[in-house]
Structures are given as structure tokens and as C-alpha cells.
Ligand SMILES: CC(=O)c1csc(NC(=O)C2C[NH2+]C2)n1
């Protein structure tokens, strides 16, 4: 229905605006592209579902997300994967974990501050009705 498509278009616009801010934040450059598994040889043995900010953006543009919850499932993979792959106390692992926590905190702060629960409920209702 016309009205419903306007809601989904608004969601897409917001998710693109949110992802653009994350992708341009220099703290999150390590999360910008898929991990190069020819360089980081054991990555796919450790991480079952890779995700990165550019793939997230492409998914938004491809209308892959009809609710905020679907987007957050993929977005949370990015920082959770980084915590899993970098568990050690060496400075490099610690720096990536700090950036992973910053990505999580920043994303969820923007969402809580900018997206109403009513809007997300509308998206969920449209999804349930289809
Ligand atoms: C995106 C991500 O989580 C990532 C990219 S490289 C990396 N970790 C390392 O290169 C080593 C430091 N201890 C392993 N983690």
C-alpha cells in the first residue's frame, strides 16, 4: 500500500543516514570493508558470519531491511565479530575491542536518540501484515 511504502522509504533513508555517519567516523575505518581473508588467514575459521559497514550500506540500498531490528542484527555482527576475533590483551586486540565497543555504543545512542518506538512498531506491523 502507498502509505506503507512511504514508511519503508523513511526507514531506508534513516538507516542510510545512520550508516553513513558510522562509515565516515575514523574510529571505525577498521570496520569499513570486509576483512581480507587472504591476509587474515584464519578469520573465517573463527568468524562464521562476517559483516562490515560497506556491506551494511549495500544491504540498506538493496532494501534488505524492512525493520530496524533486522538492520541491528547485521550491524551488531560487526562489533561482536571484532570482540570474538580479538580477545587477547595485546595492544592491537585491545584497540580493536575499544573501537568495537565504541561502534556499538555510538550506533545504539544515535538510534535511541533519533528513532521513535512508534516508527519501529509501524515497520514491524507492516512486516507482520505481509
Ligand atoms: C575487523 C576486525 O575485527 C579485525 C581486522 S584485523 C583484526 N585483528 C588482527 O589483525 C590481529 C590483532 N590480533 C589479531 N581484527
Being surrounded by fewer than 15 Cβ atoms within 10 Å (Cβ to Cβ) and either closer than 17 Å to residue 16 by Cβ or more than 10 Å from the ligand (Cβ to nearest atom) (or both): is that true of residue 45 here? yes
Report every pair of residues separated by at least 6 positions or lying on different chains whose Cβ atoms are under 8 Å apart, first residue within region 42-59 and in contact (Cβ under 8 Å) with a residue 40 or more places away in the chain, second within 12 Å of the ligand (Cβ to nearest atom) and outside any helix (DSSP H, G or I). 43/35; 43/37; 43/50
Being at pLDDT 95 or above, farther than 14 Å from residue 30 by Cα and outside any loop (DSSP other than H, G, I, E, B), is that true of even one residue in region 83-93? yes
Test residue 103 against the stated conditions and say whether it is within 16 Å of residue 47 (Cβ to Cβ), touching a helix residue (DSSP H, G or I) at 6+ places or on another chain (Cβ under 6 Å) and in contact (Cβ under 8 Å) with a residue 24 or more places away in the chain. yes
Which residues, taken from region 94-130, are surrounded by 15 or more Cβ atoms within 10 Å (Cβ to Cβ) and part of a loop (DSSP other than H, G, I, E, B)? 115
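The values are calculated or read from the model by the stated rules, or taken from the named source; none is laboratory data. Everything numeric in this text was worked out from a predicted model, so none of it was measured. Neighbour counts run over all protein chains shown; Cβ positions are idealised from the backbone, glycine included.
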